[in-house]
Amino acid sequence: MKDDKDMSCEHAKDKLEDWLHNDLDKADRLSVDKHLAECVNCQEEFAADKQLWESLAKMKVPEPREEMRVNFYAMLDNFKAAEATNKPFSFQTLIEKLRDIVLPQWTVQVAFSLLLVGLGWVIGNKTSQNNVSSTAYQQQIETLATQVEDMKSNMMLALIENPSATERLRAVSYTSDITHADEKVIDALFTTLNNDPNVNVRLVALEALTQFAKDAAVREGLVKSLALQDSPMVQVALADVMVKLQEKGSVKELRKLLDKEGLNDLVKNKIEQTIKDLS
Amino acid sequence: MNTLTDNSLMLRVKAGDLDKMGLLFERYNRPLFAFFYHMTHKRDVSEDLVQNVFYRMLKYKHAFTGEGEFRTWMYHLARNILNDSVKQNRSSDHYDVSEMADKLGGGTLADEGFEKREDVDFLHKAMAGLSDDYREVLVLSRFQEMKYDEIAKVLNINEGTVKVRVHRALGELKKKFFTNERR
Ligand SMILES: [Zn+2]
C-alpha cells in the first residue's frame, strides 16, 4: 500500500536496517516513528534490534601489535628491492628474514644466561673452596651481570654500522635489556635514528631510545630529531613518543615541522593533533 | 594543496611510486585489522592477513583502474584472502571463541560493569555461531560502516541480496542473543 500515513508492519520492517543506520530520509523516519508509536509488536522488535545493534559497537578490537607495522615496511622495502632488480619477490623469504631477526636474538639471550650461570657456578666453587664470604660471592655475580651488559653494549656498537639493515636491526635490539646505557650506546642510537637509510632500523632505534627517556639528554635529543626526519613514518612515531613522554618542550619543534615544505597531509594532521595534546 | 585521496595514492603506487603504499597502510591497517579480527577473533592471524592484503595490492597494482573506490577494491581483496585462508585451514575452526573469552575475561571491559561485559561476551558467542556469510555482512555494515551498495561491490553480489542477507543475519543474531540460555 502506498498510503504512508498507515505504514504496514512489513513496510516498517523493510526500513529496519536503514533505521538502525540512521539512514532514513525525514519522511520515512517520520512514518516509521509513527508506526512504532502505534504498533507494540514492531516497537518491541525495533527496540530489541536497537539494543543488539548498540551492543555490537561494544565489541572491542585489540590494537594490532607494532610488529605488524615493522613487517609491513620490511615487506615494502623487499618489494621495492625486488622490483628494482626485477627478481621475483618471495613472500616466504621475507618471513624467513624477519624470523631471522628475532631468532638469533633469542639464541644470544640464552647464551648470555648460560654464560652467567656457568661462570657463577665456577666462582661459587672457587669461593667455597677458598672460604670467601657470601657477600663477596654476591659482588662477583653482580660484576658479572655488569660485564654481560657491557658485552651487549659492545656487540651493539660493533654491529650498528654494519652495511646490512638486518644486522643493524639486531644491533639495536641488543639494547632492549640493557638497564644503564652509557653515552656511547646512546650516541650510536641517535646516529642511527637520525641517519640510518632504513626506516625499520630508525623506528627500532627510536623505540630503544624511548626506554632511556628518563634521561633529560635523551629527551632533548628526541625533540631535536623531529627536525631531521623526512620519513612520514618516523615523524609520526616521534610525535607519538612526544605525547607518551608528555614532552611539552617539543611543541616549538613540532610547529617548525609544520612549516616544512612538502609535509604530507597525514603527518600534518598528526602533528597538529600532537600539539593540541601537549598544549 | 593537492588532496591525497586514496585513489590518487593507489594510482601513484601503480605508476611505480611504491612508497605511497605506506600512507595507505597508515590509513587502513587498523580498520582492516578490525575487519579480520571481527571475522576470525585471532589477533596474529588478523595481523598476517592485513600484511597479505597490502602485499597483494602491491603485486596486483596494475589491476587497480581507479574507476571504483580504493576502499571497495581493498575489501574485495581482503575478503578473498580471508576465504582462501579459511579454505587452507579447514581443520581448525577459524573463529576462535576461546581467545576472546580469555581476553574479555577480566581485561579491558571489566570496568564497564559486570552485566555489560556479560552481554558482550555473549554477543561474541552469538557472532561465532553465525555462518561466515552472515557474519561478513554484519561486520561490513556495522563496523566498517559500509552502505549496501558498497558491500554489494565488495562481495560481488547485488544490492538486494545484501539487504536480505543483513536482515537475515540480524534476525539470526537476535535469535541467538535473546533466546539462548544465558548464564
Ligand atoms: Zn507493526
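Since every read-out is calculated from the coordinates, none of them should be taken as a lab result. The structure displayed is predicted, hence computed values, not measured ones. When we count neighbours, we look across all protein chains shown, and the Cβ atoms used for this are built from the backbone with ideal geometry, even at glycine.
A DSSP coil position with no more than 15 other Cβ atoms inside 10 Å describes the following trypsin sites (Lys or Arg not before Pro) in the range A:224-279: A:Lys260. What is the calculated FRET efficiency for A:Lys260 to A:Glu44, with r their C-beta to C-beta distance and R₀ = 51 Å, to the nearest 0.05? Result of the calculation: an efficiency of 0.30. Quote the FRET efficiency, to the nearest 0.05, computed for B:Asp133 versus B:Ser8 with a Förster distance R0 of 45 Å and r equal to the Cβ-Cβ distance. The calculated FRET efficiency here is 0.85. Loop-only check: which GluC sites (Glu not before Pro) in the range B:122-157 are DSSP coil with at most 16 other Cβ within 10 angstrom? The qualifying sites are B:Glu145. Listed by Cβ neighbour count within 10 Å, with the fewest neighbours leading, B:His76, A:His180 appear as A:His180, B:His76.
For the range B:115-165, applying the loop criterion from DSSP together with a ceiling of 15 other beta carbons within 10 Å to the trypsin sites (Lys or Arg not before Pro) yields B:Lys147. With a Förster radius of 45 Å applied to the beta-carbon distance between B:Asp19 and B:Ile157, the computed FRET efficiency rounds to 0.80. Taken over the alpha carbons of the range B:1-94 as equal point scatterers, the Debye sum produces base-10 log I(q)/I(0) values at 0.11, 0.13, 0.14 Å⁻¹ of -0.33, -0.44, -0.51. Compared with the alpha-carbon gap, the fully stretched path from A:Ala136 to A:Ala82 is longer by 13.7 nm at 0.36 nm per residue. Annotation: the residues B:Phe33, A:Phe79, sorted from fewest to most other C-beta atoms within 10 Å of their own C-beta, follow the order A:Phe79, B:Phe33.
Treat each spin label as a single point 7 Å out from the Cα along the C-beta direction, and report the A:Glu54 to A:Ala213 distance in nm. So the label points at A:Glu54 and A:Ala213 sit 3.8 nm apart. Compute the distribution of all C-alpha to C-alpha distances in the range A:149-278, in bins of 10 Å from 0, and list the percent of pairs in each, rounded to whole numbers. All Cα pairs considered, the percentages come to 13, 44, 30, 11, 1. Extending 7 Å from the Cα toward the beta-carbon at both A:Leu144 and B:Tyr60 defines two label points whose distance is 5.8 nm.
Annotation: extensible slack from A:Glu67 through A:Leu228 equals 55.5 nm (criterion: 0.36 nm per residue apart, minus Cα-Cα distance).
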